[in-house]
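Here's the structure, in structure tokens; my notes come after.
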Amino acid sequence: MKKFINSVDDVLSESLHGFASAYAPIVRLREDPTFLLRTGGPVSGKVALVSGGGSGHEPLHGGFVGKGMLDAACPGQVFTSPTPDQMIAAAEAVDGGAGILFIVKNYTGDVMNFDMASEMIGDGAATVLVDDDVAVEDSSFTSGRRGVAGTLIVEKVVGAAAEDRLDLASLKALGEKVNDKTGSMGVALTSCTVPAAGKPMFDLGEDEMEVGVGIHGEPGRHREKLAPADSIAKLLVEAILEDLKPQKGQKALLLINGMGATPLMELTLLYGAARKECEAAGLEIERSLVGNYVTSLDMAGASVTLTLLDDEITGYWDAPVITPALRWGA
Amino acid sequence: MKKFINSVDDVLSESLHGFASAYAPIVRLREDPTFLLRTGGPVSGKVALVSGGGSGHEPLHGGFVGKGMLDAACPGQVFTSPTPDQMIAAAEAVDGGAGILFIVKNYTGDVMNFDMASEMIGDGAATVLVDDDVAVEDSSFTSGRRGVAGTLIVEKVVGAAAEDRLDLASLKALGEKVNDKTGSMGVALTSCTVPAAGKPMFDLGEDEMEVGVGIHGEPGRHREKLAPADSIAKLLVEAILEDLKPQKGQKALLLINGMGATPLMELTLLYGAARKECEAAGLEIERSLVGNYVTSLDMAGASVTLTLLDDEITGYWDAPVITPALRWGA
Amino acid sequence: MSADWLKPAIQAVAETLIAHSEELSDLDSAIGDGDHGHNMKRGFQAVLEQIDQIAAEEPPKALQKIGMTLVGKVGGASGPLYGTLFMQAGKSWDGTPSVAAVAAAVEGGLDGVKARGKATAGEKTMIDVWEPVVAALKEASDKSGADAAAAARSAAETGLEATREMKATKGRAAYLGERSIGHLDPGARSSELIVQTLSDLVSKGVAP
Amino acid sequence: MSADWLKPAIQAVAETLIAHSEELSDLDSAIGDGDHGHNMKRGFQAVLEQIDQIAAEEPPKALQKIGMTLVGKVGGASGPLYGTLFMQAGKSWDGTPSVAAVAAAVEGGLDGVKARGKATAGEKTMIDVWEPVVAALKEASDKSGADAAAAARSAAETGLEATREMKATKGRAAYLGERSIGHLDPGARSSELIVQTLSDLVSKGVAP
Ligand SMILES: Nc1ncnc2c1ncn2[C@@H]1O[C@H](COP(=O)(O)OP(=O)(O)O)[C@@H](O)[C@H]1O
Ligand SMILES: Nc1ncnc2c1ncn2[C@@H]1O[C@H](COP(=O)(O)OP(=O)(O)O)[C@@H](O)[C@H]1O
Ligand SMILES: [Mg+2]
Ligand SMILES: [Mg+2]
Ligand SMILES: [Mg+2]
Ligand SMILES: [Mg+2]
């Protein structure tokens, strides 16, 4: 394992300290229990957005704390959901008197820990569950689909709407709408290495890729021979469109997300390939984002996310945002 | 070689097309000869900034084209400097009537190709040569130090000053000042793989790192056993400070730059470690940047860059910038 | 009043789980995300740090404290699940060291786990260990503590082993679908380790 | 008026360099960035694409056209250097196929390379091939074309071989310092390939 770390036990805390000091004008770190929050204190009269999840997906979620997006983020251990006390402390610290909206990726652990936090907070807390990963079948016999890169889009759109002072119920409804209109699917070219484990999570042959991989290195739909970028783009876009079933002429946002170790040169190439697929299917790509946003430590790989746009979503997507990882319009 | 590509020959062109279509509101791609330029045409009365170099360092330089930074960027083949006809065509396309400033990283190939372009343009073109890499001895017997991640700081500061309508000579002087006050040094944990070569550029043992590596995988000062992040930070910061020799209490900008395959979690950890070293040496870190900005394809590794700040540099650093890879203040 | 068997029992459980941390993570690597051992270790190290305060309580209250510590330290799926298991077991126990009372306590914990995780037996989870354990304890309610402990231990073993051929439909292993078959469930293994450790203590007469 | 040996000569040089492209990149991998073969291939493929227009020119003009094509297509260090070499050689050639005139042409090209790259002999570059070639041609100025070609060929070989023990102080290999010793210089090898190919053509009587 080759990583910039000191000791396996200190990775999380040291990277959080480094992050918070690099972005001090935007975020602050609190410890015992650990969470990141916007500088400047609670925004009075605004619903506070709190997210969180296992670490190792940076910049998600801490990189999205700031004006126009999250009020706080609770980082768990690497690939392990955070605990209710973190969520409760974060919610208290950012409560602006208009309620708390938890944005939760659909993993058993995340859901249960956020549930416990919500139960303890009681009234005034609501939750948006993100499950955009079309790789995993949505079936009532399982815990359902996973939340992956689409989470960033939900957080951005709902974050902008919260600045606009929408109330808790409207924000929850908006978040659920964005989630419904969003689909993602990813491919891994290599495994990732959790620092505490010290070895790759899984083995992948020199000519293989894992199609439909999760952001914790969970298996996807199947393994196959590494294909050209155009074929990968086609495979992923088709799977998403099968799920979203957009109309011809539908406007959409296209996000190409790297898994952490994939250089921008490859991501922009994949963007071009995916965009062609989308346009061939009749979509109009109106908004775009390319980069490493919802990652899996040092995994080489990428995912495609599509969100079907309407004027409300587009407007909130374009609204100003000042966070460490996303910044525009201000 | 596991990459998102179609064919080795099309990597550059396809990734440029993808990039330009993802960031269409900010940049445009021209071909034959190839260059990227700001949307909106030449800015009348403003000195036009043109940079360029081998590809494989994305987002450098194309990601820094836009308001407040570059007017155009000329991408060469991977790790191969672009040709004079690209530079001349780019200069013509963005000429606002106030002259052309070339920002060139100090590599034999880049220098010679930009020299040929300057000679053909004649009067009205000036050059800032960036050579911030302290790993390589500055000696009159060699081609001198390399230009690495500090290039981004020169481009940002001079770019903001150009928006402020400084003239060609002042911009050249400012660029040279920033370059003088900037030092960088990097470490590689893995090699990188040039698509056309299909195999890693060099071998590095499972427990080794290359100290002082260049951004094309060039060798550095020496190889040693992989060290804890704190020791790496100390090593790099000390080498830079030995070169810059700052006074106690000097304000500085600290950039932790990833080489392409190093996740943010490790980069922020390294930032924290480097910042501690800087502060122990009496520097005040007033500005920060952490991310993959001047990369070496899929290399795992990172570099530290320090720029000693004065009010002029800080002011231009803070000025608005709207490019694909750096964006704030507007 | 605290019981003098309490501290050694908590210690034994914590140390067993910590000692098996790599094994548990390896099991989790096969069908999950490879952290179950680390999660249990982190939680039970925190329990050990507070063992004196915990063991100073009456056993039912001590169980609740363990549960709260786990909820606050573990995270993931196992944090809320084991947290709920211990908290609810504590709440469901009248404190008597009878087999029947212990059976009721464990059943309370199991019901909590089922409610929290919305799962039932046969889905390749820790439930597949605790459900047969509850059944064995209930059936042994007129037997000696040692006999009941032995029955619980063997029920846990059988339950654990049964998870190998199950297809996961809850938790991370569910993403594997058919591919989850053939592996033991890590949470079932940690549960079985707890039952085994406690049952040994009872056999040795350390605990009632 | 064009010369009928010109097209086959250009073709032979281009094809030789393209055929050796992997070898050149491998040499460059050892002490540079591993692209020299790709660079030469890209440049000489472009030359081949325009071979009819180029070969339609008088030889000195054809050399200049080759140089301009290389400058426009190659990039890197070798683009301006080989570009300058061919352009200046063309400019320095009066067109006569005499040994003396060719020597003057190559010397003109070499001077261009030195000026462009600010390097001299002994720095482990292509100069270490071209300088002895110029000397050999000058010395052979009263010999037959075939004899002069053979002399140039052997001077190039010796010059190339000498780069092995040199320490690079220019170009990318300079970053290696002492570690550059023990490897042939890739640009010296491509230069030697050009000399070799042309010399063979002269020996075979294809070119004067
Ligand atoms: N819904 C559920 N109900 C009961 N047990 C569950 C459920 N989901 C997961 N588990 C148990 O949790 C174990 C995994 O725990 P752990 O690896 O610590 O958490 P995570 O899955 O969040 O990484 C599984 O082996 C399984 O026994
Ligand atoms: N300053 C210089 N003068 C003469 N030749 C040089 C100089 N710098 C480099 N070279 C030649 O160029 C060759 C490298 O060319 P190439 O690999 O194509 O370009 P780059 O170094 O830009 O990757 C070297 O082997 C050397 O012969
Ligand atoms: Mg986990
Ligand atoms: Mg090169
Ligand atoms: Mg797990
Ligand atoms: Mg080279």
Hey, C:Gly182 hits all of (1) more than 13 Å from ligand 5 (Cβ to nearest atom); (2) of a type outside the set (Val, Ile, Thr); (3) within 19 Å of the chain's Cα centre (by Cα) but one; which does it fall short on? (3)
Residue by residue through segment A:206-229, note down the ones that are within 13 Å of chain B (Cβ to nearest Cβ), surrounded by 24 or more Cβ atoms within 10 Å (Cβ to Cβ) and either assigned to a loop (DSSP other than H, G, I, E, B) or not aliphatic (A, V, I, L, M) (or both). A:Glu210, A:Ile215
Out of segment B:1-11, which residues are aliphatic (A, V, I, L, M) and at the interface with chain A (Cβ under 8 Å from one of its Cβ atoms)? B:Ile5, B:Val11
Determine the pairs where a residue that is without any contact (Cβ under 8 Å) to a residue 60 or more places away in the chain, located within segment D:19-32, has a partner that is more than 16 Å from ligand 1 (Cβ to nearest atom) with Cβ atoms under 7 Å apart, the partner being 6 or more residues away or on another chain. D:Ser21/D:Gly37; D:Ser21/D:His38; D:Ser21/D:Met40; D:Ser21/D:Lys41; D:Glu22/D:Gly37; D:Ser29/B:Met201
Going through segment C:43-91 one residue at a time, which ones are at the interface with chain A (Cβ under 8 Å from one of its Cβ atoms) and surrounded by fewer than 22 Cβ atoms within 10 Å (Cβ to Cβ)? C:Gly72, C:Lys73
Filtered residues of segment B:292-307 (kept if at the interface with another protein chain (Cβ under 7 Å from one of its Cβ atoms), on the phi < 0 side of the Ramachandran plot and of a type in the set (A, V, I, L, M, F, W, C)): B:Ala300, B:Ala302
Given (1) within 16 Å of ligand 3 (Cβ to nearest atom); (2) away from chain A (no Cβ under 14 Å), C:His20 misses just (1)
Just for segment A:265-291: of the residues that are facing another protein chain (nearest Cβ under 7 Å) and outside any helix (DSSP H, G or I), which one is surrounded by the most Cβ atoms within 10 Å (Cβ to Cβ)? A:Val290
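Given the options B:Thr190, B:Thr151, name the one that is closer than 20 Å to B:Asp71 by Cα and polar (S, T, N, Q).
Working: B:Thr190 fails: closer than 20 Å to B:Asp71 by Cα.
Being closer than 20 Å to B:Asp71 by Cα and polar (S, T, N, Q) holds for just one of B:Thr190, B:Thr151, which is B:Thr151.
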Given the options A:Val111, A:Val94, name the one that is closer than 30 Å to C:Thr169 by Cα and at pLDDT 95 or above. A:Val111
Selected residue [in the same structural domain as B:Leu283 (by TED's automatic domain parsing), at pLDDT 95 or above and farther than 14 Å from B:Glu277 by Cα] from B:Gly220, B:Gly212, B:Gly249, B:Gly260: B:Gly260
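Considering only segment D:27-39, state which residues are part of a helix (DSSP H, G or I) and more than 7 Å from ligand 2 (Cβ to nearest atom). Spell out how you get there, then give the answer.
The first filter runs over segment D:27-39 and keeps only residues part of a helix (DSSP H, G or I), leaving D:27-31, D:36-39.
If the condition is that a residue be part of a helix (DSSP H, G or I) and more than 7 Å from ligand 2 (Cβ to nearest atom), then D:Leu27, D:Ser29, D:Ala30, D:Ile31, D:Gly37, D:His38 are the ones that fit.
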From B:Ser143, B:Ser184, B:Ser139, grab the single residue that is buried (at least 22 other Cβ atoms within 10 Å of the Cβ), closer than 21 Å to B:Gly109 by Cβ and either modelled with pLDDT under 90 or among the aliphatic types (A, V, I, L, M) (or both). B:Ser143
Taking segment B:230-242 only, how many residues are more than 10 Å from chain A (Cβ to nearest Cβ) and either acidic (Asp, Glu) or assigned to a loop (DSSP other than H, G, I, E, B) (or both)? 2
Return the residues of segment B:89-111 that are crowded, with 24+ Cβ neighbours inside 10 Å and away from ligand 4 (no atom under 16 Å from the Cβ); say none if nothing qualifies. B:Ala90, B:Ala91, B:Ile100, B:Leu101, B:Phe102, B:Ile103
Hey, among the residues in segment A:21-32 that are farther than 19 Å from B:Ala302 by Cα and free of Cβ contacts under 8 Å to residues at least 24 places away in the same chain, which one's farthest from the chain's Cα centre (by Cα)? A:Asp32
Being polar (S, T, N, Q) and more than 19 Å from A:Tyr107 (Cβ to Cβ), is that true of even one residue in segment C:25-42? no
Residues of segment D:26-41 satisfying the condition of being touching a Lys or Arg at 6+ places or on another chain (Cβ under 8 Å) and facing chain B (nearest Cβ under 7 Å): D:Asp33
Could you check B:Asp131 against (1) within 22 Å of B:Gly258 (Cβ to Cβ); (2) free of Cβ contacts under 8 Å to residues at least 40 places away in the same chain; (3) more than 10 Å from every other protein chain (Cβ to nearest Cβ); (4) charged (D, E, K, R) and say which number it fails? (2)
Based on what the data block shows, is A:Pro324 at the interface with chain B (Cβ under 9 Å from one of its Cβ atoms), farther than 18 Å from B:Pro25 by Cα and under 15 Å from the mean Cα position of the chain (by Cα)? yes
Can you find, within segment B:79-91, the residue that is nearest to B:Leu297 (Cα to Cα) among those that are at pLDDT 95 or above and of a type in the set (Val, Ile, Thr)? B:Thr83
Since B:Gly41 meets every condition but one in (1) more than 14 Å from the chain's Cα centre (by Cα); (2) modelled with pLDDT of 95 or more; (3) more than 16 Å from ligand 6 (Cβ to nearest atom), which condition does it not meet? (2)
Restricting the search to segment D:136-178, which residues are closer than 26 Å to D:Ser21 by Cβ and in contact (Cβ under 8 Å) with a residue 60 or more places away in the chain? D:Ala168, D:Gly171, D:Arg172, D:Ala173, D:Leu176
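The values are calculated or read from the model by the stated rules, or taken from the named source; none is laboratory data. Just so it is clear, the model here is predicted, and its values are computed rather than measured. Note that each Cβ is placed from the backbone with ideal geometry, even for glycine, and that neighbours are counted across all protein chains shown.
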